[in-house]
Amino acid sequence: MGIGTDQGVNIGPLINRKALDKVKRLVGDASLKGARVLTGGNAMQGTFYEPTVLADVAGGMDIMQEEIFGPVAPVARFDTDDDAIRMANDTPYGLAAYFYGRDITRVFQVAEALEYGMIGVNTGMIATTVAPFGGVKESGIGREGSKYGLEEFMEVKYICLGGI
């Protein structure tokens with residue numbers, strides 16, 4: 001953890017105090033409703049928050065229904081791929097989803113079924129300037145970056161000339 005411009009820093013501060021308060025509230029709500037904090041769970045100096053892993057997270061917890069822009073990984077159990085997909089899609093948001101898999105057919109089946117604008121498979125580092133960045137549902141419409149980011153600023157015009 002540290003200032004993002006420093007060498008070797010992977011976790012920087014949250015953007016402001018309001019974001020920090022939201023992360024604290026979501027982790028606190030999950031803990032009160034039965035989630036276990038496996039690591040982290042504490043605010044640090046300034047707007048830093050410890051990287052946090054929560055176990056035994058369930059659908060009725062706020063952290064499963066609100067977007068969290070902080071270093072928190074809520075972990076929930078599931079029995080089948082369909083259960084995991086249903087749980088993941090059971091939110092009004094859809095910016096990014098991440099999962100791990102080895103079977104390429106299964107990877108594409110799960111990725112296609114997830115209602116998210118960006119999906120990371122076997123990685124947590126999905127943002128890049130050459131790929132479209134954006135979500136679906138209440139996480140936004142449109143994309144930033146790549147050629148797709150220009151589309152919302154352009155208007156397509158069709159001109160058909162005949163008899164010239």
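Every number here is computed from the coordinates shown, using simple stated rules; none is lab data. All figures in this text were calculated on a predicted structure; none of them were measured in a lab. Glycine also receives a Cβ, built like all others from the backbone with ideal geometry; neighbour counts cover every protein chain displayed.
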Handout entry: Net charge of neighbours whose Cβ lies under 14 Å from the Cβ of Gly134, counting Lys and Arg as +1 and Asp and Glu as -1
Key = -3
Exercise for the section: Starting from the exponent 0.38 and prefactor 2.2 Å, build the expected Rg for segment 82-164 from its residue count and divide its actual Cα Rg by it. Expected result: 1.46
Completion exercise
With the 8 Å Cα cutoff and a minimum separation of six or more residues, the chain has a relative contact order in percent of 13 percent
Handout entry: Cα-based equivalent ellipsoid of segment 1-77: semi-axis lengths in Å, sorted from largest, via gyration tensor
Key = 23, 13, 10
Completion exercise
Note on segment 2-120, DSSP bridge orientation, antiparallel percent to nearest 5 equals 40 percent
Handout entry: Principal-axis tilt of helix 17-32 within the chain, Cα atoms, nearest 10 degrees
Key = 60 degrees
Fill in the blank from the handout: Long-range amide H partners of Ile119, meaning residues 5 or more apart or on another chain whose placed amide H is closer than 5 Å, are Ala97
Handout entry: Extreme residue, positive dipole direction of segment 1-153, given options Leu150, Ala97, Thr128 (C-beta unit charges)
Key = Thr128
Problem - Alpha-carbon centroids, segment 134-159 and segment 1-67: separation in whole Å - result: 31 Å
Exercise for the section: Can you tell me the equivalent ellipsoid semi-axes for the chain? Use √(5λ) from the Cα gyration tensor, largest first, whole Å. Expected result: 34, 22, 16
Practice task
Would you work out the charge dipole size for the chain about its Cα centre, treating the Cβ of every Lys and Arg as +1 and the Cβ of every Asp and Glu as -1, and quote it to the nearest 20 debye?
Solution key: 340 debye
Exercise for the section: Any chance you could run the full-extension gain for Tyr158 through Thr39? It's 0.36 nm times the residue separation minus the Cα-Cα distance, nm to one decimal. Expected result: 37.2 nm
Exercise for the section: Using just the helices of the chain, give the 222 nm mean residue ellipticity in deg cm²/dmol: DSSP H runs with n ≥ 4 each add -39,500 (n - 2.57), and the total is spread over all residues, rounded to 500. Expected result: -6500 deg cm²/dmol
Problem - Environment charge of Arg143, counting only residues whose C-beta is closer than 11 Å and scoring Lys/Arg +1, Asp/Glu -1 - result: -2
